[in-house]
Amino acid sequence: MSEGSVRWQTATVIDIVVRTPRIKSFFLSLEHPFEFQAGQHVDIRLTAPDGYQAMRSYSIASAPDHGTSIELAVERLDDGEVSMFMHDVIVPGDEIEVRGPLGGHFIWSVTDGGPLLLLGGGSGVVPLVSMVRHLKAANLAGSTVPVLLLLSARTWDEALFRDELLEFNKEMSGFTFVLNLTREASARGQDFGRRIDAAMAADVVKRLPGPPVHVFVCGSNAFVNAAADSALAAGIPAETIRTERYGG
Amino acid sequence: MATTRGFTGRPRATDLSSRIPPGQHLEKDFPVLSAGPTPRIRIADWTFTLKVGPRPVKTWSWTEFNALPMTQMTRDIHCVTTWSKLDTVWEGVLVDDILKAASIEAPTPYVLAHSFDGYSTNVPMQDLAGKAMVALRFGGEPLDSDHGGPARLLVPHLYFWKSAKWLNGLQFTERDEAGFWELRGYHMYGDPWREQRYSGD
């Protein structure tokens, strides 16, 4: 995060894309475009006519290089005051307040190098996808870093950004995408179908050309605990593991 | 402030609004946030050290620390990620009682709290005196590791990142030194009522 105050600004919703049965992407055009790093988040603020305000943090899904708009992927939580509003009420053309970029820890740039291990659970894949999209842009400019993303989702249909990640897996050198479906079997042989454990972590680490130098884990608290503990049990030092927990 | 089209928010409990700082919402669960894996610290390995600058003044084992006077506090807590939780019940050792047990008075106005995982955060001594404790129990149970157990700092009137989890010591410093999140753009003080979330707020 840069020095000094990060200001609130107005952002206009320019597009809404249904990603999974419970997750929509919101593309926001920024009045004052900012530079950010993969893994950072923004706060959004909604204001009711009586002055009541609700604020939530959402990770940025777009690549840092994206320009004047950002993508946020928001899961609809049944009791979510803000996520329900975003899913059910917001339409393109609406304006919301945005503040960012925020967060100076859960960040990665291609210059930080690798190998990089990304472990995402559910919508926790959002900041990790920003990193992979960043890598894709860097790939085009000639840099390669070995990156493996393990995405844990309940079902094939709930795997956020699945098709894009499958595509990247085919066309990006150095990038490996592994899917872990906890409630149904995957069609792909290299995928898993159970809760993340030390054996799974050790298995994916072996698919990288060397031990991961940076590990990013994001998801629900239960997922992050299981994934981070699995990474530790697979011999990855604690200080290389950064976590971000969703929920609450 | 521009009104957001179509947003009314949840029905508000006005009797509680005086207890919820601006930008915060009420949370019934207890969300977990941390920068890395959850450290699992064995009681046998637990120590707490009071330092003045680089110099350790006193170190307690778990048994010794638990022999210090215990105090119970019921407080509202406020996380910078916008949740607030009311009437949380804690038990632990007041920072005042720790200093008393070490037979020292605060030698500087600044304190850095240190944790087993390398985390640190700064809190002025005047925000610890009479207000803060090293908490060992939450809701009548030993503090679990997700929430910073065996022991965490509790500074309930500041944003909760100041209440360092997995605490292993307090250090008096000559100057107000930024800790982990403060170095990464968060506010040096963190008053929820003034919405001091990020540097410059």
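The values are calculated or read from the model by the stated rules, or taken from the named source; none is laboratory data. Note that the structure is predicted; figures quoted are calculated from it, not measured. So basically every Cβ, Gly included, is an ideal-geometry build from the backbone, and we count neighbours across all protein chains shown. Ligands, DNA and RNA are excluded from the accessible area calculation, which covers all protein heavy atoms including side chains. Shrake-Rupley method; radii C 1.70, N 1.55, O 1.52, S 1.80 Å.
Sub-6 Å Cβ pairs linking a first residue in segment A:86-104 that is more than 10 Å from chain B (Cβ to nearest Cβ) and farther than 21 Å from B:Phe180 by Cβ to a second residue that is of a type in the set (Gly, Ala, Ser) and open to solvent by less than 10 Å² (accessible area, probe 1.4 Å), at least 6 apart or interchain, are A:Val98/A:Ala11, ordered by first then second residue.
Out of A:Asp65, A:Asp15, report the one residue that is assigned to a helix (DSSP H, G or I) and more than 14 Å from chain B (Cβ to nearest Cβ).
Working: A:Asp15 fails: assigned to a helix (DSSP H, G or I).
Answer to the selection: A:Asp65.
Just to be sure, is B:Arg175 surrounded by fewer than 24 Cβ atoms within 10 Å (Cβ to Cβ), without any contact (Cβ under 8 Å) to a residue 24 or more places away in the chain and among the basic types (Lys, Arg)?
Numbers: surrounded by fewer than 24 Cβ atoms within 10 Å (Cβ to Cβ): yes; without any contact (Cβ under 8 Å) to a residue 24 or more places away in the chain: no; among the basic types (Lys, Arg): yes.
So B:Arg175 fails the test.
Of all residues in segment A:31-60, those being within 20 Å of A:Arg133 (Cα to Cα) and away from chain B (no Cβ under 13 Å) number 5. Here A:Trp8 meets each of (1) open to solvent by less than 60 Å² (accessible area, probe 1.4 Å); (2) in contact with a strand residue (DSSP E or B) (Cβ under 9 Å, 6 or more places away or on another chain); (3) within 11 Å of chain B (Cβ to nearest Cβ) with one exception, condition (1).
Quick one: in segment B:6-31, which of the residues that are in contact (Cβ under 8 Å) with a residue 40 or more places away in the chain and not in a loop (DSSP other than H, G, I, E, B) is surrounded by the most Cβ atoms within 10 Å (Cβ to Cβ)? For segment B:6-31, the residue satisfying everything is B:His25.
Sub-9 Å Cβ pairs linking a first residue in segment B:123-152 that is of a type in the set (Lys, Arg) to a second residue that is loosely packed, with under 15 Cβ neighbours inside 10 Å and part of a strand (DSSP E or B), at least 6 apart or interchain, are B:Arg137/B:Gln72; B:Arg137/B:Val89, ordered by first then second residue. Determine whether segment A:47-61 contains at least one residue that is closer than 21 Å to B:Ala35 by Cα and β-branched (Val, Ile, Thr). The answer is yes, given that some residue of segment A:47-61 is closer than 21 Å to B:Ala35 by Cα and β-branched (Val, Ile, Thr). Return the residue satisfying two criteria in turn: it lies in segment B:165-201 and is in a loop (DSSP other than H, G, I, E, B), basic (Lys, Arg) and farther than 15 Å from A:Gly104 by Cβ, and of such residues it is nearest to the other protein chains (Cβ to nearest Cβ). Checked segment B:165-201; the qualifying residue nearest to the other protein chains (Cβ to nearest Cβ) is B:Lys165.
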